[in-house]
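This report concerns only the one structure given below.
No lab work stands behind these numbers, since they all come straight from the coordinates. Everything numeric here is computed off the predicted structure, so don't read it as measured data.
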Amino acid sequence: MPPPPPPGGGYTPGSYVPPAPMGYTPGAMAYAGVRTDGLAVASLILGIVGIVCCLGVVLGPVAAIMGFISRQRVASSGGTLGGGGLALAGLILGVVAFFLSAALILFLVLSASRSTAT
């Protein structure tokens, strides 16, 4: 008959002890993704707001300038900044917003002057 197990959970000095569980060991450092330029996002938002809210006379040039500057920053960043398409869209929307608002203002002024002339 085998001897009874010793008190204390069965640990006997000199017996096999399993290794401690290993935590997460990260492999190679992951590369950070390309960041989107904040000016590109702001240019796009201002271009959209300029068209939707008919504030293109004020916001249109701001969106176009910000889009132009952002495209230069993306091009000169060497691939660390993204958002060139957003910047181009903001630039185009800014120009369109300006011309649409200017045409609307011109139309309203001309139609008001014709209605008061008769």
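Values for this structure:
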item	result
Length released on extending from Ile105 to Cys53, taking residue separation times 0.36 nm less the Cα-Cα span	17.4 nm
Length gained when the stretch Ala112-Met1 is fully extended (0.36 nm per residue, less Cα-Cα span)	28.6 nm
